[in-house]
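Report on one structure; see the data block that follows.
Just so you know, all these numbers are worked out from the coordinates, no wet-lab data involved. The shown structure was predicted, so the numbers you read here are calculated from the model rather than taken from an experiment. Because the Cβ atoms are built from the backbone with ideal geometry, glycine has one as well, and the counts that use them run over all protein chains shown.
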Amino acid sequence: MSNEDSPNSDDGDPPKGIQLQYDWSSTEPSTAVVETTAQAANCDHRELSPLYDSIDPDAFDAILARTRTNIDTTTSISFTYAGYSVTVHSTGTIHVAPV
């Protein structure tokens, strides 16, 4: 995982969100969403509502797993989770921003 944007802003502006890069071969997309959202919310992942309140984690992981085997296909999935807009790309990029 790599962090491209800091979740905290020192210039007084509201946070614009964060973008992290994951390797889907070592981290399930559903786990990455929860971890990234917790980082954006500056809280422990256990403080967030269950992911299944927003999206079916098993189906979500399965969709992105299918695109891992087909390098000619790029998939993006966007949804709202715990007050954040989440966009996940089959390339491993996750963007989380306050709604």
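Couplings 3J(HN,Hα) of the range 16-33, computed from phi: 8, x, 10, 10, 10, 10, 10, 9, 5, 6, 10, 9, 5, x, 5, 5, 4, 4 Hz, in residue order, whole Hz [Karplus 6.51 cos²θ - 1.76 cosθ + 1.60, θ = phi - 60°; x for Gly and Pro]. Tell me the net charge near D58. Cut-off is 15 Å between Cβ atoms, D58 excluded, with +1 for each Lys or Arg and -1 for each Asp or Glu. Once all neighbours under 15 Å are counted, the net charge is -3.
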